[in-house]
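Worksheet: the structure to be examined is printed underneath.
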Amino acid sequence: MLSRIAVGVALVVAAAALPAAAQQAPAQPAAAAAKPANAGSNGEDRYVGYYYPKPTSTETFESTMQTIQGAERPQRIQFVTVVSQGTIQSAYRVPYAVFAKGEKADKMIIVGMQQGELNTIYRMRALLANMTTMSRLSPFFQERTVAEDATFFDLLKLLGFKELTITDGEKLTHQVTIK
């Protein structure tokens, strides 16, 4: 059942890849101000230099949501696979790729695929705001949250993601720790 729910939510989120004519997402309060990035607890991030440049900013998002029981690696992989499939099969060019990494697939990575698409923190946050908007439309999200208050980060927390990294694929990388 969780896999069907993940597929449904992923399809709704994947729809965010379609152009939304002048659609604006409501402003979201920042969980923590972006600040210069520091190395991880062990001093290194094994994906730096391979999938993205060293993070230029970080933040921590503390969600009030609880991870859904049974949300494990296979469900996160399926969620990201469906989101990716939706972007690949889109009738429009989607300017980013989405995938999961980590032993538990609890690190979501979004990489800009075209120069200039995600080249500011504001454009990165706009993409995440659109993903929030699409998430709020899903029955899955509405049943488990107060949809108008919850964010895409909350959805990631429900599914057991610990980190989201978004990058322009060239110079900028913003990393969000989800607690």
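What follows is calculated from the coordinates using simple rules that are stated; it is not laboratory data. Here the structure is a predicted model, which means the values were calculated and not measured. Cβ atoms come from the backbone with ideal geometry, glycine included; neighbour counts cover every protein chain shown.
Here the Karplus relation 6.51 cos²θ - 1.76 cosθ + 1.60, evaluated at θ = phi - 60°, turns the backbone of region 56-63 into coupling constants of 9, 8, 9, 7, 10, 10, 9, 8 Hz, with x for every Gly and Pro. Name all residues of region 87-118 having a backbone nitrogen under 11 Å from the label point set 7 Å from the Cα of LYS171 along its Cα→Cβ direction, giving them as ranges. Only 116 pass the distance filter.
Residues whose amide H comes within less than 5 Å of that of TYR96, counting only those at least five positions distant or on another chain, are MET113 (H built at 1.01 Å from N in the peptide plane).
Summarising the label geometry, the points placed 7 Å from Cα in the beta-carbon direction at LYS179 and GLN85 lie 3.6 nm from one another.
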